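Notes follow once the structure below has been shown.
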Amino acid sequence: MNRLESARVAFCLAILYLGNLAQAQPGLPNSLKICEGEEEWPPFVYFKRIDGKKNGKEVAGYSIDYIKNLLAKNGIASIIDMIPWKRCQKEVVDGNYDMLLNATKSEERDRLYWVSDAYYKLTGIAFYSTTRPVPKLRKLEDLRNYRICGIRGYTYENYGLSTNQVDSGSANISMAMNKILNNRCDLFLNNLEIIIGSHILGLEDYLHDQRFGYIRITGKQDSSFHMLISRKPSYAEKLKILINQGIIDMEKSGETEKLRKRYLQ
């Protein structure tokens with residue numbers, strides 16, 4: 001074999017190797033269609049910003065990096081569209097999208113989708129004013145000793161609170177925090193990760209605001225989040241198995257912790 005022929009063989013082997021490297025597992029497509037709510041769910045999924053303004057349709061976030069890394073390890077690319085949240089859920093059920101990334105688990109969703117294992121949880125916190133004594137929250141039931149503020153449309157059953165035990169008149173985080181400052185509430189309940197995400201979108205950095213302190217809430221019901229996979233495609237169950245194994249592998253490799261440090265702390 002002369003030098004030219006050797007070079008051709010080496011080139012062909014290299015092309016074959018790269019082709020195999022990029023190939024998805026048998027029975028799975030080379031690319032998946034994923035949707036998420038255009039309403040955003042920072043820091044898990046949101047539109048990138050430049051000077052506080054959305055940068056076209058480019059998306060970022062914990063869940064975006066998570067699924068891209070997980071799929072890329074298996075030779076699968078991903079296309080992520082931001083569409084209205086209710087439509088996204090229906091499109092996944094109908095098989096027009098392969099999956100969505102951020103959802104809690106329920107009996108109905110178990111019936112409609114393949115539900116992945118949990119890949120993150122929200123951390124419940126209670127804000128209070130630093131001008132008043134630190135609340136004593138040794139157990140979940142202690143919340144009932146305080147005037148609680150929430151946000152309109154949110155449920156607080158996972159804190160053991162009924163609707164009439166929470167002032168849910170605030171339309172957003174800023175309004176609820178102002179109620180604390182004006183002594184209309186003792187506590188405002190939210191999630192640590194959502195407050196971090198709101199700062200990404202330009203809201204005040206309440207976690208480092210000297211006017212407020214916050215306490216982590218223990219004992220609240222599970223707030224795990226999952227990926228929902230369409231049952232329509234022939235490869236749906238294989239995709240669920242791949243994702244669940246990927247969740248285990250990313251935790252073991254330390255990639256999940258890196259993403260937590262980047263987006264959730």
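The values are calculated or read from the model by the stated rules, or taken from the named source; none is laboratory data. Everything numeric in this text was worked out from a predicted model, so none of it was measured. Cβ sites come from the backbone with ideal geometry, for glycine too, and all protein chains shown count toward neighbours. When the accessible area is computed, the model is the full protein with side chains, heavy atoms only, and any ligands, DNA or RNA have been set aside. Shrake-Rupley method; radii C 1.70, N 1.55, O 1.52, S 1.80 Å.
You will find that of 95, 37, 56, the residue that is touching a Pro at 6+ places or on another chain (Cβ under 9 Å) and at positive phi is 95 and no other. If only one of 125, 80 is under 30 Å from residue 208 (Cβ atoms) and open to solvent by less than 80 Å² (accessible area, probe 1.4 Å), which one is it? Criteria check complete, one pass: 125. Confirm whether residue 172 is of a type in the set (S, T, N, Q), farther than 16 Å from residue 130 by Cβ and touching a Lys or Arg at 6+ places or on another chain (Cβ under 9 Å). Here the answer is yes, as residue 172 does meet what is asked. Quick one: count up the residues across segment 136-152 that are more than 14 Å from residue 190 (Cα to Cα) and either touching a helix residue (DSSP H, G or I) at 6+ places or on another chain (Cβ under 6 Å) or not in a helix (DSSP H, G or I) (or both). Of the residues in segment 136-152, 6 are more than 14 Å from residue 190 (Cα to Cα) and either touching a helix residue (DSSP H, G or I) at 6+ places or on another chain (Cβ under 6 Å) or not in a helix (DSSP H, G or I) (or both). Each residue in segment 153-188 was checked for being open to solvent by less than 40 Å² (accessible area, probe 1.4 Å), within 24 Å of residue 209 (Cα to Cα) and assigned to a loop (DSSP other than H, G, I, E, B), and 2 of them qualify. Residue pairs whose Cβ atoms lie under 6 Å apart, sitting 6 or more positions apart in sequence or on different chains, and linking a residue in segment 45-72 that is hydrophobic (A, V, I, L, M, F, W, C) to a partner that is open to solvent by 50 Å² or more (accessible area, probe 1.4 Å), are 47/54; 60/48. Restricting segment 40-77 to residues that are closer than 19 Å to residue 261 by Cβ and of a type in the set (S, T, N, Q), which is least open to solvent (accessible area, probe 1.4 Å)? Out of the qualifying residues, it is 63.
Taking the numbered list (1) touching a strand residue (DSSP E or B) at 6+ places or on another chain (Cβ under 8 Å); (2) farther than 19 Å from residue 101 by Cβ; (3) assigned to a loop (DSSP other than H, G, I, E, B); (4) open to solvent by 20 Å² or more (accessible area, probe 1.4 Å) in turn, residue 215 passes all entries but (3). Does segment 6-23 include one or more residues that are outside any strand (DSSP E or B), open to solvent by less than 60 Å² (accessible area, probe 1.4 Å), modelled with pLDDT under 95 and hydroxyl-bearing (Ser, Thr, Tyr)? Yes, the conditions are met somewhere in segment 6-23. Number of residues in segment 220-253 that are assigned to a loop (DSSP other than H, G, I, E, B), touching a strand residue (DSSP E or B) at 6+ places or on another chain (Cβ under 9 Å) and surrounded by 13 or more Cβ atoms within 10 Å (Cβ to Cβ): the value is 3. Residue-level check: of (1) over 26 Å from the mean Cα position of the chain (by Cα); (2) surrounded by 12 or more Cβ atoms within 10 Å (Cβ to Cβ); (3) of a type in the set (Lys, Arg), residue 138 misses just (2).
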